[in-house]
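Worksheet: the structure to be examined is printed underneath.
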Amino acid sequence: MNYTSTRDSSISVSVAETIVKGISEEGGLFVPANLSVLPKFSVAKLARLAAESYHSYQNIAFDIFFPLFDFALHIEDELRNSIGNAYSANFKTGDVTRLVALEDTGKCASYALELWHGPTAAFKDMALQALPGLMSLSKIMLKRGGEKTLILVATSGDTGKAALEGFKDAPGIEIAVFYPEEGVSDMQKLQMLTQEGANVHVFAVKGNFDDCQTAVKEAFADSEILAKASAAGVAFSSANSINWGRLFPQIVYYIDAYVQLIRRSAIKAGDKINICVPTGNFGNILAAYYAIQMGLPVNKLICASNSNNVLTDFINTGIYNRNREFCTTVSPSMDILVSSNLERLLFHFTGGDSTQINKWFDSLKTSGEFEIDNKLKAKIGKLFYGGWCDESDTAKTIKSVFMNNGYLMDTHTAVGHKVWRDYVKETGDIRTKTLIVSTANAYKFADSVYEALYGKFIPRMPSYDDMLNPNLSNFGMRDDDDVLPAVSDDALTRLSERTGIRLPASLAAVRNKEVRFSGKAVAKEQIKETVLKIITGTIYKER
């Protein structure tokens, strides 16, 4: 199993090299050189997994991870331990994920695939709890165990906190996260600004996510940065989904969810399903594409966008055009106009034509757009459906699903649900069971969810009766459970009071943590200077 670059198909490196480096020197993304040698899940194997009561998420993860490391068979025990550490006590459910039936009329059924039961209450935990162990193993295999690594992360909200949590106090690693100043929710910002760890750095940026992502990508190829990093004995890597090591662990939950559907008798092994993914950077839905290459029976991948609907337009027209208004929405993790992982899909769909990839993405950089031919557009359209949801419909979906089904979803999951309903209405596909990927706990976007259900949140002081209520005092938190929070002047508490749905203890606890970073924003042009200061250690002196 070798890996090549989307910008230079002559490159051939090991999986360990792809994980440690994160991105190729010329700016390309690492991809499997030959999809046919990915580990396979036949219909018989999927049926067998569903029948084995002892089988677990961890075992499916090993079945996927181990073949990718098959050139180093001696790491089997280390890999099993790494997977066990990633997906054990860090998750609130024994199944790691949860599959919740949203509606089933007998003709049309959807299931929320909840990927937010990890420590930061977002789907990024599914990969970022595993990536530190995978990176450590990779460095050992490359005999770089003593090398110092600086991980640079651009985030639209959830990746930043999940990466910080995954790599906090990791030996030989520092991590710097850059987030758009006005482009994350209050809870996402607070999670990052209160992050523990002696090796973590958090910076707000005056700009949007695309500004952060562009600056971080450029840092990997900047000659001055690379020279100073080399002199300081520092290597770079990434925890964004541009890193293959961040992307391939996401394949696991699609295989696992299919097995869960078989166990529930919702489908039979071999039946095709739909997968609807709310996405901005295209990584989450690309993981589903790789699952298909491993044998997962899928009818349609439904790509759900918010008002930043550049991906929807591309799927429907064949034109990728970022020259449009950037919208700051209630689903901020999807507020992206330059979707990095689309490059990987196009590389595979063109048969590994890195020359064409360079032409398209050079055009995107210089003119802001590119267009594919009708043959490729039809090929993409055969597998992918693109749709989008505006702010009003996002709110309506949150309310209707809660009122009709009692299910509380976040703003991103609501986008997915609305687009799935549009897909059913447009195509008449009422029989195919559909996974709607639920990417975050609703309380990460409490203000928006509260407003969707009850109108704009208006703070209030607790009443005298409230203060005397022993069930609503001092959070009543237990370390091992979720809790109904105390009466306080915030949307988190009021949302829990009115819905009766518990606030995860990890999110409740954030409000009592020390704020360690100022949140003062740097200009996007200052990101390079900031990275240089981290390399030289002067950033600590300025704190």
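Which lysines have a Cα less than 17 Å from the Cα of Lys40, not counting those fewer than 8 places away in the same chain?
Lys272
Taking the alpha-carbon distance from Lys143 and a cut-off under 23 Å, which lysines remain once sequence neighbours fewer than 8 residues away in the same chain are dropped?
Within the straight-line cut-off, Lys143 pairs with Lys21, Lys168, Lys228.
Going Cα to Cα from Lys444, which lysines come in below 18 Å? Please leave out same-chain ones fewer than 8 positions away.
Within the straight-line limit of under 18 Å, Lys444 reaches these lysines: Lys92, Lys124, Lys161, Lys189, Lys399, Lys456, Lys513.
What does the accessible area of Leu532 come to, in Å² to the nearest 10, when a probe of 1.4 Å is used?
30
What list of ³J(HN,Hα) couplings, whole Hz, do you get for region 365-377 from phi and the Karplus terms 6.51, -1.76, 1.60, once you set θ to phi - 60° and write x for glycine and proline?
Once rounded to whole Hz, the list reads 6, 8, 10, x, 7, 8, 9, 9, 7, 5, 5, 5, 4.
When a/c is below 1.5 the answer is rounded, else prolate if a/b is larger than b/c, else oblate, so apply that to the chain with a ≥ b ≥ c taken from the square roots of the Cα gyration tensor eigenvalues. Write down the numbers at each step before the final one.
On the way: a/c = 1.34, a/b = 1.10, b/c = 1.22.
Rounded.
When the accessible area of the chain is split by element with a 1.4 Å probe, what percent falls to carbon and sulfur? Write down the numbers at each step before the final one.
Values: 10140 of 20870 Å².
Carbon and sulfur atoms account for 49 percent of the accessible area of the chain.
Just the accessible area per residue of the chain, please: how many Å² with a 1.4 Å probe?
That works out to 38 Å² per residue.
Counting only helical runs of four or more DSSP H residues, what would the 222 nm mean residue ellipticity of the chain come to if each run contributes -39,500 (n - 2.57) and the total is spread over all its residues? The partial results should precede the final answer.
Details: 25 runs with 235 residues, N = 543.
My calculation for the chain gives -12500 deg cm²/dmol from helical runs alone.
When the chain is fully extended, how far beyond the present Cα-Cα distance does His348 get from Ser400, taking 0.36 nm per residue of separation?
Net length gain for the segment: 14.8 nm.
The values are calculated or read from the model by the stated rules, or taken from the named source; none is laboratory data. Everything numeric in this text was worked out from a predicted model, so none of it was measured. We work out accessible area using only protein heavy atoms, side chains counted, and drop any ligands, DNA or RNA first. Shrake-Rupley method; radii C 1.70, N 1.55, O 1.52, S 1.80 Å.
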